[in-house]
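Here the structure is laid out as structure tokens; the discussion comes afterwards.
The values are calculated or read from the model by the stated rules, or taken from the named source; none is laboratory data. Everything numeric in this text was worked out from a predicted model, so none of it was measured. Counting neighbours? That spans all protein chains shown, and the Cβs are built from the backbone with ideal geometry, glycine included. In case anyone asks, the SASA skips ligands and DNA or RNA and just uses the protein heavy atoms, side chains included. Shrake-Rupley method; radii C 1.70, N 1.55, O 1.52, S 1.80 Å.
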Amino acid sequence: MTCDPRHALSEKDGALCIEQVPLNQIASQFGTPCYVYSAATLRTQYQQLAQALSPMNARIHYSVKANSNLSILALFKDLGAGFDIVSGGELSRVLTVGGDPADVIFSGVGKSVEEIDLALKVGIGCFNVESHGELSRIEARAQLAQVRAPVSIRVNPNVDAKTHPYISTGLKSNKFGVDAASALTLYGHAASSRTLYITGVDCHIGSQIADDGPLLEALDSILELVDSLEERGISLEHINLGGGFGVRYQDEVAMDLDAYGARLQQRLGSRSNLLCVEPGRSLTANAGLLLTQVEYLKTAQDGSKGFAVVDAAMNDLLRPSLYQAWHDVVVVNPPDKTTLAQTWDIVGPICESSDFLAKDRQLSLDEESLIAILSSGAYGMSLASNYNTRGRAAEVLVDGTEVKCIRRRETIQDQLRFELPL
Ligand SMILES: *Cc1c(COP(=O)(O)O)cnc(C)c1O
């Protein structure tokens, strides 16, 4: 059994606990599948990053899409975080927990008129603008509302984040941001507008970045742009380097935040701009796990391995199906020692061959087994769907000895209430 401090897991009196609470107790109290988060891990992850950036004038904007549960947002708000959002819905979540809209950065390539209007109305901190069309739209909507719109241009520095192609965003071939030359033009336009005011510059080159090399390369090209803007009389309050800090799922080395912080400081030198970062995954991934119960065990027809059919599926945790992502698997209640370990695929009930949570794992299982899929705190619940008309899982937050349900399990009534009879 793995007892890993990354996940706040440890064994107490023979029971696998997250912080002080046995996982089997959580399963019987709240049912399965169920997402379980450790408040202590969330706080530690935030504080480690804050510490690494502390020698600089820096601000952490938690990227809401990684895990957008209201209680998680409230926890980060209490630690002093601002927020990075990509939709009007995420903005409403931040406002619901009493987040200050002035501490919110609005990213994303497709901001609608309604989303821009909402952001202007509440006094958003900054729009990260991703195209000429968006800048014009923001200007027009702000004119109509008779307010000024704070803007930052998202620059695509054309660096390879060396991560999975689906989570790489900083290459010329990606849909995000604009190149440096176009950025200069957009800044020129913004500077001459009485409706827009320029707050900063930003980039975000991808996710699950292991090595800070590409991030620093992106910073270098951003700093070049900052200097060109200074020459044109345009000075920026903030430089936003985005998120994407890699974590350890299997045997990856998590990004060394202290070393990154030191290199940032060295490169920024005496510049006075506020440094912003937008981490999502690195704050939440290893703070969460997905608890799931075995329903059936069966053997593959060629006899090569077994399938453990569990009550969680790709609609609960899409990462393995979407990116071939690897999650550690732990059996919470191992069977007696006479049950030998063998090779299992952990699969869900959904009618797709891509519906798996883990493949080829050496585990000893029986039909009573309760399983924890680790490192599921980021892009787990936030990517969940109702595919196969499955209600989404419950979410539980553990803090020391305390356990709180932070989202109840969806019922069939929840799902059916949006549909209109013929
Ligand atoms: C998704 C996203 C982030 C967060 O990325 P992580 O890999 O979760 O840290 C930050 N900024 C922007 C613009 C994003 O789209």
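Residue-by-condition table, conditions (1) basic (Lys, Arg); (2) at pLDDT 95 or above; (3) away from the ligand (no atom under 16 Å from the Cβ):
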{"site": "Ser207", "(1), (2), (3)": "no, no, no"}
{"site": "Leu223", "(1), (2), (3)": "no, yes, yes"}
{"site": "Glu230", "(1), (2), (3)": "no, yes, yes"}
{"site": "Leu236", "(1), (2), (3)": "no, yes, yes"}
{"site": "Ile239", "(1), (2), (3)": "no, yes, no"}
{"site": "Asp251", "(1), (2), (3)": "no, no, yes"}
{"site": "Met255", "(1), (2), (3)": "no, no, no"}
{"site": "Arg263", "(1), (2), (3)": "yes, yes, yes"}
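Restricted to segment 272-286, and to residues there that are more than 13 Å from the ligand (Cβ to nearest atom) and at pLDDT 95 or above, the residue that is most open to solvent (accessible area, probe 1.4 Å) is Leu274. Of all residues in segment 175-202, those that are in the same structural domain as Gly133 (by TED's automatic domain parsing) and of a type in the set (Asp, Glu) have Cβ atoms under 7 Å from Cβ atoms of residues that are buried (at least 22 other Cβ atoms within 10 Å of the Cβ) and not in a strand (DSSP E or B), 6 or more apart or on another chain, in Asp179/Asn156; Asp202/Gly242. Within segment 345-377, the residues that satisfy the criterion of being part of a strand (DSSP E or B) and either within 22 Å of Val396 (Cα to Cα) or hydrophobic (A, V, I, L, M, F, W, C) (or both) are Ile346, Val347, Phe356, Leu357, Ala358, Leu363, Leu370, Ile371, Ala372, Ile373. Taken as a whole, the structure places Asn388 among residues that are in the same structural domain as Arg409 (by TED's automatic domain parsing), open to solvent by 10 Å² or more (accessible area, probe 1.4 Å) and under 28 Å from Asn67 (Cα atoms). Every condition in (1) more than 28 Å from Gln51 (Cα to Cα); (2) in contact (Cβ under 8 Å) with a residue 24 or more places away in the chain; (3) in a loop (DSSP other than H, G, I, E, B) is met by Lys172 except one, and the failing one is (2).
Here is a list: Gly188, Gly200. Which entry is of a type outside the set (Asp, Glu), within 16 Å of the ligand (Cβ to nearest atom) and farther than 30 Å from Gln250 by Cβ?
After applying the criteria, what remains is Gly200.
Note on segment 317-345: among residues that are free of Cβ contacts under 8 Å to residues at least 40 places away in the same chain and among the aliphatic types (A, V, I, L, M), the one that is least open to solvent (accessible area, probe 1.4 Å) is Ala341.
Asp160 - would you say it is in contact with a helix residue (DSSP H, G or I) (Cβ under 8 Å, 6 or more places away or on another chain), closer than 23 Å to Tyr323 by Cβ and surrounded by 15 or more Cβ atoms within 10 Å (Cβ to Cβ)? So Asp160 fails the test. The set of residues in segment 261-271 that are surrounded by fewer than 18 Cβ atoms within 10 Å (Cβ to Cβ) and among the small types (Gly, Ala, Ser) comprises Ala262, Gly269, Ser270.
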